[in-house]
Amino acid sequence: MDTSEYPLELPADDRPMVRFLNVNKNYGSFPVIHQLNFDVAEGEMVTIIGPSGSGKTTVLRILMTLESISSGVIYVDGKPLTHMVKGGILVPADEHHLRKMRSSIGMCFQHFNLFPHMTALQNCMEGPVQVLGLTKKEARERSEELLTLVGMIDKKDQHPSRLSGGQQQRVAIARALAMRPKVMLFDEVTSALDPEVIGEVTNVIRKLVAEHNLTMLMVTHQMGFARDISDRVCFFYGGKIEEEGSPQDLFGNAQRERTKQFLSAVKEAR
Amino acid sequence: MTPDWRWDFALEILPRLLRATGNTLTAAAAGYAIALILGLVLALAQRTKWHSITLVVRECVEFIRSTPLVLQVFFVFYVAPQFGINLSPWTSGLAAIGLHYSAYLSEVYRSGIDAVPRGQWEACRALNLPLRRTYLRIILPQALIPAVPGMGNYLVGIFKDTPILSVIGVAELMQMANTVGSENYRFLEPFTLVGIIFLFISLPAAGLVKLLERRLRLAMGL
């Protein structure tokens, strides 16, 4: 299917916040994502679980436009993300289009990726000032509000090197939220943390789910956490969704053999 | 055979040598300034999406690094006029030494930029920072710190290489020592003093670079 058969824009009555349409992603000849069709509704919290190499992190990375896709189209808020409309057809997006579309998406990484030469507050202010064009005062107010939300306001003048992993990750969440994204991506945000600080990060995400109408897509190995907060859980295997459903269904009553195997392996490991 | 060192002669020629030292320092500073800026341009030019530019710049850098500085100095001064470029000894000298060291500094910058973790680039992209801001505010400040020792080495290096400019008649320290020596048929004192002057400037400079690196690290909270 070539891109001329894809809609230029999704119709108003069928407009999820994110739609993957026949998306493929290959590394060389190896398919990491295979014919992925996947929607995330507005305000929905979707968790992706699966064994390593199943392509779950890649889903987030291509949605953040950190990597390009090999074929298919991704739509965000009804508009094509990976492509743009030119001469009445969809063509691969240029940097200008990507920059415009990317502003609706925010991401937190496994290794936080805070800017080491800036304080927590400066990390949060950087995007709003440099990208959104806010004044320093506006950006500071917004950032301080968010640092309060994640419980890091008393450390706002510390550099990342003086913060624990959990604290750094909370600052990173505030930094991403400061851009006011419609979609937030969490890529194994607790995997690099010591067990005793995982709770402080998951609690922040719980708070976001409870109090904000954000669309969220999360890759995690914390099965209990995924079960607690997700609206929907997707089990990835071999670059596609093997099984999906409500947390109760997927964790309590998995249908597919591979899902059962994975879940019991994870349970044993704990 | 004991060397016949004359203190009175050494003291007599010292002021002239110190005045020439001023020229040497000017040449080193101006050449280094050129190299700092041009080196960054050369480093960034190797990171554009146009592979042909990368290739051409890389070959130029390799070419400059693989040929002697003295040849490049001669070329700029004696050969460039044939192409209608007439430069004074001073300008030729600074252009040649600046160009020469920009090739080396571009490699220092390049390794500094390469050392910035990929996650930093990804964070910039996730925040939607434009490329220019990404470089200026996030990548280069982090690339600079590991680059400081290398940059400091080349600062001392460029200073020690300024005597090469004497071959095209730039009145720097070496040229002056040679002149003084020829006038008096005594070379022991002028050349010894040149060595001492170089030593007295190079050693503290290396120390200052170390200090600068530490200060920068502190200032950036690293």
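When the residues of region A:113-138 are filtered to those that are more than 23 Å from the chain's Cα centre (by Cα) and polar (S, T, N, Q), which remaining residue is nearest to the other protein chains (Cβ to nearest Cβ)?
Per the stated criteria, the residue is A:Thr119.
Do we find that A:Gln222 is without any contact (Cβ under 8 Å) to a residue 60 or more places away in the chain and either aromatic (Phe, Trp, Tyr) or more than 14 Å from every other protein chain (Cβ to nearest Cβ) (or both) in this structure? Break it down stepwise before answering.
Working: without any contact (Cβ under 8 Å) to a residue 60 or more places away in the chain: yes; either aromatic (Phe, Trp, Tyr) or more than 14 Å from every other protein chain (Cβ to nearest Cβ) (or both): yes.
It is true that A:Gln222 is without any contact (Cβ under 8 Å) to a residue 60 or more places away in the chain and either aromatic (Phe, Trp, Tyr) or more than 14 Å from every other protein chain (Cβ to nearest Cβ) (or both).
Can you tell me which residue among B:Leu131, B:Leu127, B:Leu136, B:Leu155 is within 10 Å of chain A (Cβ to nearest Cβ) and surrounded by 20 or more Cβ atoms within 10 Å (Cβ to Cβ)?
B:Leu127
Given the structure, is A:Gln110 surrounded by fewer than 21 Cβ atoms within 10 Å (Cβ to Cβ), within 26 Å of B:Pro130 (Cα to Cα), within 12 Å of chain B (Cβ to nearest Cβ) and under 15 Å from the mean Cα position of the chain (by Cα)?
When the stated conditions are applied, A:Gln110 passes them.
Yes/no matrix, rows are residues, columns are (1) hydrophobic (A, V, I, L, M, F, W, C); (2) farther than 23 Å from A:Ala176 by Cβ; (3) assigned to a strand (DSSP E or B); (4) out of contact with any helix residue (DSSP H, G or I) (no Cβ under 6 Å at 6 or more places or on another chain):
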{"site": "A:Asp14", "(1), (2), (3), (4)": "no, yes, no, yes"}
{"site": "A:Arg19", "(1), (2), (3), (4)": "no, no, yes, yes"}
{"site": "A:Leu36", "(1), (2), (3), (4)": "yes, yes, yes, yes"}
{"site": "A:Glu42", "(1), (2), (3), (4)": "no, no, no, yes"}
{"site": "A:Ile48", "(1), (2), (3), (4)": "yes, no, yes, no"}
{"site": "A:Arg61", "(1), (2), (3), (4)": "no, no, no, yes"}
{"site": "A:Ile74", "(1), (2), (3), (4)": "yes, no, yes, yes"}
{"site": "A:Val85", "(1), (2), (3), (4)": "yes, yes, yes, yes"}
{"site": "A:Leu90", "(1), (2), (3), (4)": "yes, yes, yes, no"}
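Go through region A:93-107 and count every residue that is in contact (Cβ under 8 Å) with a residue 40 or more places away in the chain and either in contact with a helix residue (DSSP H, G or I) (Cβ under 7 Å, 6 or more places away or on another chain) or more than 7 Å from every other protein chain (Cβ to nearest Cβ) (or both).
4
Condition first: basic (Lys, Arg), crowded, with 19+ Cβ neighbours inside 10 Å and either in contact with a strand residue (DSSP E or B) (Cβ under 8 Å, 6 or more places away or on another chain) or away from chain B (no Cβ under 14 Å) (or both). Can you find one or more residues in region A:179-197 that meet it?
No, region A:179-197 contains no residue that is basic (Lys, Arg), crowded, with 19+ Cβ neighbours inside 10 Å and either in contact with a strand residue (DSSP E or B) (Cβ under 8 Å, 6 or more places away or on another chain) or away from chain B (no Cβ under 14 Å) (or both).
Hey, can you tell me all the residues within region A:164-206 that are of a type in the set (S, T, N, Q) and outside any helix (DSSP H, G or I)?
Result: A:Ser164, A:Thr190, A:Ser191.
Every residue in region A:120-155 that is assigned to a loop (DSSP other than H, G, I, E, B) and either crowded, with 20+ Cβ neighbours inside 10 Å or of a type in the set (A, V, I, L, M, F, W, C) (or both), please.
A:Val131, A:Leu132, A:Leu134, A:Val150, A:Met152
For region B:55-87, give me the residue count where each residue is closer than 30 Å to B:Leu144 by Cβ and more than 23 Å from the chain's Cα centre (by Cα).
The qualifying residues number 1.
Starting from residues that are among the charged types (D, E, K, R) and touching a residue at least 12 places away in the same chain (Cβ under 8 Å), keep the ones in region B:158-188 and report whichever is surrounded by the most Cβ atoms within 10 Å (Cβ to Cβ).
Taking the candidates together, the pick is B:Glu172.
Would a scan of region B:146-158 turn up a residue that is under 17 Å from B:Val70 (Cβ atoms), among the aromatic types (Phe, Trp, Tyr), part of a helix (DSSP H, G or I) and at pLDDT 90 or above?
So far as region B:146-158 goes, no, none of its residues is under 17 Å from B:Val70 (Cβ atoms), among the aromatic types (Phe, Trp, Tyr), part of a helix (DSSP H, G or I) and at pLDDT 90 or above.
Answer yes or no: is there a residue in region B:101-110 that is surrounded by fewer than 17 Cβ atoms within 10 Å (Cβ to Cβ), out of contact with any Cys (no Cβ under 6 Å at 6 or more places or on another chain) and at negative phi.
no
Report yes if B:Pro141 is surrounded by fewer than 18 Cβ atoms within 10 Å (Cβ to Cβ) and within 14 Å of chain A (Cβ to nearest Cβ), otherwise no.
Answer is no for this residue.
Residue check: is A:Thr82 buried (at least 18 other Cβ atoms within 10 Å of the Cβ), more than 14 Å from chain B (Cβ to nearest Cβ) and within 30 Å of A:Asn37 (Cα to Cα)?
It is true that A:Thr82 is buried (at least 18 other Cβ atoms within 10 Å of the Cβ), more than 14 Å from chain B (Cβ to nearest Cβ) and within 30 Å of A:Asn37 (Cα to Cα).
Go through the residues of region B:206-217 one by one and say whether even a single one is over 30 Å from A:Asp157 (Cβ atoms), without any contact (Cβ under 8 Å) to a residue 12 or more places away in the chain and out of contact with any helix residue (DSSP H, G or I) (no Cβ under 9 Å at 6 or more places or on another chain).
yes
Within region A:63-72, how many residues are assigned to a loop (DSSP other than H, G, I, E, B) and within 14 Å of chain B (Cβ to nearest Cβ)?
So the first thing to find is which residues in region A:63-72 are assigned to a loop (DSSP other than H, G, I, E, B), and the list is A:64-70.
Pick out the ones that are also within 14 Å of chain B (Cβ to nearest Cβ) and you get A:64-68.
Matching residues across region A:63-72 total 5.
Mind telling me which of the residues B:Thr21, B:Thr54 ends up being in contact with a helix residue (DSSP H, G or I) (Cβ under 9 Å, 6 or more places away or on another chain) and surrounded by 16 or more Cβ atoms within 10 Å (Cβ to Cβ)?
On the way: B:Thr54 fails: surrounded by 16 or more Cβ atoms within 10 Å (Cβ to Cβ).
After ruling out the rest, the residue left standing is B:Thr21.
Name the single residue that is nearest to the other protein chains (Cβ to nearest Cβ) among those in region B:159-186 being over 18 Å from B:Ala28 (Cβ atoms) and part of a helix (DSSP H, G or I).
Result: B:Asn178.
Quickly run through region A:245-266 and pick out the residues that are within 14 Å of A:Ala226 (Cα to Cα) and exposed (fewer than 13 other Cβ atoms within 10 Å of the Cβ).
Answer for region A:245-266, where residues must be within 14 Å of A:Ala226 (Cα to Cα) and exposed (fewer than 13 other Cβ atoms within 10 Å of the Cβ): A:Gln248, A:Gly252.
Quick one: would you say A:Ser52 is facing chain B (nearest Cβ under 8 Å) and modelled with pLDDT under 95?
On the way: facing chain B (nearest Cβ under 8 Å): no; modelled with pLDDT under 95: yes.
Judged against the criteria, A:Ser52 is not a match.
Evaluate region B:170-193: report whether one residue or more is closer than 22 Å to B:Leu71 by Cβ and touching a Pro at 6+ places or on another chain (Cβ under 6 Å).
yes
The values are calculated or read from the model by the stated rules, or taken from the named source; none is laboratory data. All values reported here derive from a predicted model rather than from experimental measurement. Note: ideal-geometry Cβ built from the backbone for every residue, glycine included; neighbour counts use all protein chains shown.
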